[in-house]
Amino acid sequence: MISLRCSHIIVTGGGSGIGKAIAARLLRGGARVVIAGRHMDRLREAERELASDSLYCMEWDVSRAGEAEEHFERAKQLMGGFDGLVNNAALGTSQATGRGYEPWDITPEEWDRLMDVNLKAAFFNMRTAVDIMRREGVRGNILNIASNAACMDIVGSYGAAKLSLLKMTRAFGKRFGADGIIINGIAPGATFTPMIARYAKAIDQPYPRHAIGRFIRPDEIAELAFYLMSNYGEIICGHTVVADGGDTAAV
Ligand SMILES: NC(=O)c1ccc[n+]([C@@H]2O[C@H](COP(=O)([O-])OP(=O)(O)OC[C@H]3O[C@@H](n4cnc5c(N)ncnc54)[C@H](OP(=O)(O)O)[C@@H]3O)[C@@H](O)[C@H]2O)c1
């Protein structure tokens, strides 16, 4: 029987898109879940939609990496334990800049803003989670949401951050698997969420860039997340599964 390997799980950026879908799947799998983000109104809306007694909301700006430990402690108190992290919060390039995707579209300040969320926070959250699990002798799970941008030629900060996250997943996964901490990642292709609202106007809009000809749904990524955080996911240790409808298959 497939079942979750962990039961008290933080999902950063869980108020929308892929994070919300993952939170919903983990709740259905019997976990207690904290969803975290900067906007409490968004989190409360997700809370109403997911309607579960096992769901908790936390205002948390992950870019303040120095505050990670105290946020984990608060999340642990809310749930009555902690043994799982979904490192999902991120900014898309156009969310960070309000402009396009070309290398010259980004300023040095915007580069830092994106990197602080997509890479620095992901690193410090992963490290804090590992610290807590090792200190408490917990056999837990960490899932890093990268992007298939990590598998393409890098033109900017987003791809650079996601490639680094993929590499950190490998390094941390190999190192802490022996402690019973299973660390994996997912590299989604274009998934129908607010992040890609600039070009994704409808879920049934054709998307020929993917071999499957369509956008990915957040619940499809969530099902994979469930698998990777399950008892079956343990054999995939330190890897990032590319789920991009064939986008980078032949690259
Ligand atoms: N959608 C795609 O096509 C796609 C493709 C590949 C990879 N991904 C990855 O999938 C993950 C989820 O993205 P999504 O598509 O679901 O986009 P989304 O709906 O925009 O979700 C991103 C979430 O991150 C949160 N967030 C942003 N900055 C934050 C901060 N400083 N502190 C805490 N939370 C923060 C946002 O909440 P607040 O604004 O309330 O803070 C939001 O809930 C990201 O890692 C993204 O890079 C997405």
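The values are calculated or read from the model by the stated rules, or taken from the named source; none is laboratory data. These numbers were taken from a predicted model, which means no experiment stands behind them. No Cβ is skipped: glycine too gets one built from the backbone with ideal geometry, and neighbour counts run over all protein chains shown. With ligands, DNA and RNA removed, areas are computed over all heavy atoms of the protein, side chains included. Shrake-Rupley method; radii C 1.70, N 1.55, O 1.52, S 1.80 Å.
The lone criterion from (1) within 10 Å of the ligand (Cβ to nearest atom); (2) touching a strand residue (DSSP E or B) at 6+ places or on another chain (Cβ under 7 Å); (3) open to solvent by less than 10 Å² (accessible area, probe 1.4 Å) left unmet by VAL62 is number (3). Can you spot a residue in segment 126-146 that is within 28 Å of LEU26 (Cβ to Cβ), within 11 Å of the ligand (Cβ to nearest atom), open to solvent by less than 70 Å² (accessible area, probe 1.4 Å) and in a helix (DSSP H, G or I)? So far as segment 126-146 goes, no, none of its residues is within 28 Å of LEU26 (Cβ to Cβ), within 11 Å of the ligand (Cβ to nearest atom), open to solvent by less than 70 Å² (accessible area, probe 1.4 Å) and in a helix (DSSP H, G or I).
Restricting ILE106, ILE35 to residues that are in contact (Cβ under 8 Å) with a residue 12 or more places away in the chain and within 14 Å of the ligand (Cβ to nearest atom) narrows the list to ILE35.
Would you call ASP116 at pLDDT 95 or above and either within 20 Å of ALA249 (Cα to Cα) or surrounded by fewer than 18 Cβ atoms within 10 Å (Cβ to Cβ) (or both)? Answer is no for this residue. Considering (1) free of Cβ contacts under 8 Å to residues at least 24 places away in the same chain; (2) in a helix (DSSP H, G or I); (3) away from the ligand (no atom under 14 Å from the Cβ), the lone condition that ASP204 does not fulfil carries the number (2). Only a single criterion out of (1) open to solvent by 70 Å² or more (accessible area, probe 1.4 Å); (2) in a loop (DSSP other than H, G, I, E, B); (3) over 19 Å from GLY92 (Cα atoms); (4) not basic (Lys, Arg) is not satisfied by GLY246, namely (1).
Among the residues of segment 21-36, those identified as open to solvent by 10 Å² or more (accessible area, probe 1.4 Å) and in contact with a strand residue (DSSP E or B) (Cβ under 7 Å, 6 or more places away or on another chain) are LEU27, GLY29, GLY30, ARG32. Residues of segment 204-228 that are in contact with a Lys or Arg (Cβ under 6 Å, 6 or more places away or on another chain) and not aromatic (Phe, Trp, Tyr): ALA222 alone.
Taking the options ASP219, ASP204, ASP179, name whichever one is open to solvent by 60 Å² or more (accessible area, probe 1.4 Å) and either under 15 Å from the mean Cα position of the chain (by Cα) or among the small types (Gly, Ala, Ser) (or both).
ASP219
Within segment 71-92, residues that are more than 16 Å from the ligand (Cβ to nearest atom) have Cβ atoms under 6 Å from residues that are among the polar types (S, T, N, Q) in these pairs: GLY84/ASN141, counting only partners at least 6 apart in sequence or on another chain.
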